[in-house]
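Data first, discussion second: the structure below is written as structure tokens.
The values are calculated or read from the model by the stated rules, or taken from the named source; none is laboratory data. Remember, predicted model here, so these are calculated numbers, not experimental data. To get the accessible areas, we keep the full protein, side chains included, count just its heavy atoms, and leave off ligands, DNA and RNA. Shrake-Rupley method; radii C 1.70, N 1.55, O 1.52, S 1.80 Å.
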Amino acid sequence: MEKSKLGISVCLLGMIVFLTGYLGITALALVAGYILLREENETLRRYAVYSIVMYIVFALISLCLGALGTVIDIINFRDWMYGSGFYSVLNSILSTINSIVSLAEKAAFGLFALCALFGKPVKFGAVDKVIEKHM
């Protein structure tokens, strides 16, 4: 089993970078930054970039859903003044979609953390294209 410069296995450090992606941007930036600056293992570097790209994708999806929710709330307030309840249904649908995206984020980071721990290649179509373009 190949070791990282920290003295732990490359697979374990790969798992850690995916789990820090789930924890938040600060932890991810610290761990991925260390990997990209200090580690020479290409698989480990790929895991770090993959985790960053996944975090950005899920952040953009959440941002878009949040903006859409704000627009619905603005329209809902206007219609509340004139007596319409259609937008409460839209708000419920948007809330459900938000929950599904949050669950998908947790599942993706968890699944990829397990793949990294067992040394399996991490592959996800659209994200792979971005990584291949920039690595």
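Okay, here's what the table says:
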read-out: Carbon and sulfur %, accessible surface of the chain computed with the full protein complex present, 1.4 Å; value: 69 percent
read-out: Percent of C-alpha pairs per 5 Å bin, the range 1-56, short to long; value: 4, 25, 36, 23, 10, 2, 0
read-out: Accessible area (Å², 1.4 Å probe, nearest 10) - residue 40; value: 140 Å²
read-out: Residue-normalised accessible area of the chain, expressed per residue, 1.4 Å probe, Å²; value: 63 Å²
read-out: Within the chain, helix-based [θ] at 222 nm, where runs of 4 or more DSSP H residues each add -39,500 (n - 2.57), nearest 500; value: -28500 deg cm²/dmol
read-out: The chain: mean projected area of Cα convex hull, nm²; value: 9.2 nm²
read-out: Exposure of residue 118 as accessible area (Å², to 10), given a probe of 1.4 Å and all protein chains; value: 140 Å²
